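Chemist: Here's a structure for you.
The values are calculated or read from the model by the stated rules, or taken from the named source; none is laboratory data. As the structure is a computational prediction, the values presented were derived from the model and not from experiment. Cβ placement follows ideal geometry from the backbone for every residue including glycine, while neighbour counts extend to all protein chains displayed.
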Amino acid sequence: MSDFALTAGTPVVTQNESGEYSVRAPLTAQDRTDAFNECMQKNFPAMQVFGEPSKWDGALAASQLQTALAANPDVRGVYMQSSFALAGTLQVLKQKGILLPADDPKHVFVVSNDGIPEELKDISSGQIDATVSQPADLYAKYGLYYVQQAIAGKTFSPGKTDHDSTIIQVRPGVLEDQLSAPLVTADGSVIGGVPSLKYDDKSLWGNNVS
């Protein structure tokens with residue numbers, strides 16, 4: 001496969017040796033799983049992680065969380081790969097009596113992933129601690145752009161783009177345009193050396209959905 005640029009979270013466009021293009025589903029779930037596990041193993045090797053393949057099914061994710069909490073009542077954090085699990089996660093924590101303020105010793109830290117309006121509201125109300133804002137507006141814009149470039153026969157190489165991002169090779173034959181996906185918190189503080197945006201920042205796409 002020849003290199004062709006793509007945008008994470010959108011359909012993947014690849015080009016074979018004959019110059020033919022194909023489109024397949026993104027590997028978002030696997031990428032996020034691998035990145036999360038790598039981060040935890042590197043920075044928090046003593047922390048036990050219970051990974052549940054929920055197939056991006058909200059009801060299944062909620063059931064798995066219930067089971068995990070029943071067997072491990074000392075769980076202190078939940079990371080969701082996408083906002084599909086948000087409502088169910090909060091409901092389970094509420095039922096267990098552990099949907100508590102951040103300053104409570106029994107607080108379970110909740111981090112989601114997408115940056116939808118509901119997540120920003122839940123950060124504001126203290127129900128979740130953070131999310132990663134996936135720039136849905138830019139994914140749509142540049143996803144269409146790269147499809148148009150594919151049709152025109154253009155190829156790309158790793159390096160800086162003209163829209164403040166960097167194209168990297170994530171695996172043989174596949175490039176990714178790493179559009180900025182900022183961490184979002186209640187106060188916009190720096191977490192573990194990573195800067196964040198406050199939940200009400202107007203640059204977040206989730207704050208611009210009517």
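Chemist: Can you tell me which residue is surrounded by the most Cβ atoms within 10 Å (Cβ to Cβ) among those in region 32-90 that are free of Cβ contacts under 8 Å to residues at least 40 places away in the same chain and basic (K, R)?
Modeler: The residue in question is R76.
Chemist: With the checklist (1) under 13 Å from the mean Cα position of the chain (by Cα); (2) modelled with pLDDT under 95 in hand, flag the one item P73 doesn't pass.
Modeler: (1)
Chemist: Still on this structure, please answer the following. Filter region 118-129 for residues that are surrounded by 15 or more Cβ atoms within 10 Å (Cβ to Cβ), in contact (Cβ under 8 Å) with a residue 40 or more places away in the chain and outside any loop (DSSP other than H, G, I, E, B) and give the result.
Modeler: Result: E119, L120, I123.
Chemist: Could I ask something else about it? Would it be correct to say that I168 is closer than 28 Å to M40 by Cβ, in contact with a strand residue (DSSP E or B) (Cβ under 6 Å, 6 or more places away or on another chain), among the β-branched types (V, I, T) and part of a strand (DSSP E or B)? Reasoning before the result, please.
Modeler: Values: closer than 28 Å to M40 by Cβ: yes; in contact with a strand residue (DSSP E or B) (Cβ under 6 Å, 6 or more places away or on another chain): yes; among the β-branched types (V, I, T): yes; part of a strand (DSSP E or B): yes.
Here the answer is yes, as I168 does meet what is asked.
Chemist: With the structure loaded, tell me whether V132 is within 18 Å of S83 (Cα to Cα), surrounded by 14 or more Cβ atoms within 10 Å (Cβ to Cβ) and not acidic (D, E) or whether it fails that test.
Modeler: Values: within 18 Å of S83 (Cα to Cα): yes; surrounded by 14 or more Cβ atoms within 10 Å (Cβ to Cβ): yes; not acidic (D, E): yes.
Taking the combined requirement at face value, the residue satisfies it.
Chemist: Something else now. Got a number for residues in region 13-55 being among the aliphatic types (A, V, I, L, M) and modelled with pLDDT under 90?
Modeler: Taking region 13-55 first, the residues among the aliphatic types (A, V, I, L, M) are 13, 23, 25, 27, 29, 35, 40, 46-47, 49.
Retained after the next criterion (residues that are modelled with pLDDT under 90): 13, 23, 25, 27, 29, 35.
The total comes to 6.
Chemist: Of a type in the set (S, T, Y), surrounded by 16 or more Cβ atoms within 10 Å (Cβ to Cβ) and closer than 23 Å to L86 by Cα: does that describe Y142? Spell out the reasoning first.
Modeler: On the way: of a type in the set (S, T, Y): yes; surrounded by 16 or more Cβ atoms within 10 Å (Cβ to Cβ): yes; closer than 23 Å to L86 by Cα: no.
No; evaluated as a whole, the condition is false for this residue.
Chemist: Further, regarding this structure: Being at pLDDT 95 or above and farther than 23 Å from M40 by Cα narrows it down to one of K154, K121, K141, so name that one.
Modeler: K121
Chemist: Does G206 meet the test of being touching a helix residue (DSSP H, G or I) at 6+ places or on another chain (Cβ under 7 Å) and either closer than 23 Å to S125 by Cβ or of a type in the set (S, T, N, Q) (or both)? Reasoning before the result, please.
Modeler: Numbers: touching a helix residue (DSSP H, G or I) at 6+ places or on another chain (Cβ under 7 Å): yes; either closer than 23 Å to S125 by Cβ or of a type in the set (S, T, N, Q) (or both): yes.
In short, yes.
Chemist: Considering region 55-106 alone, what residues qualify as being of a type outside the set (A, V, I, L, M, F, W, C) and assigned to a helix (DSSP H, G or I)? I'd like the intermediate steps shown before the answer.
Modeler: As a first pass, look at region 55-106 and keep what is of a type outside the set (A, V, I, L, M, F, W, C): 55, 57-58, 63-64, 66-67, 72-74, 76-77, 79, 81-83, 88-89, 91, 94-97, 101, 103-106.
Listed by number, the residues that qualify are G58, S63, Q64, Q66, T67, S83, G88, T89, Q91, K94, Q95.
Chemist: Of everything in region 1-12 that's farther than 29 Å from G192 by Cα and assigned to a strand (DSSP E or B), which residue is modelled with the highest pLDDT?
Modeler: Selected residue: V12.
Chemist: Report the residue count in region 172-208 for those that are touching a residue at least 24 places away in the same chain (Cβ under 8 Å), in contact with a strand residue (DSSP E or B) (Cβ under 9 Å, 6 or more places away or on another chain), more than 30 Å from A150 (Cβ to Cβ) and of a type outside the set (A, V, I, L, M, F, W, C).
Modeler: Number satisfying all stated conditions: 3.
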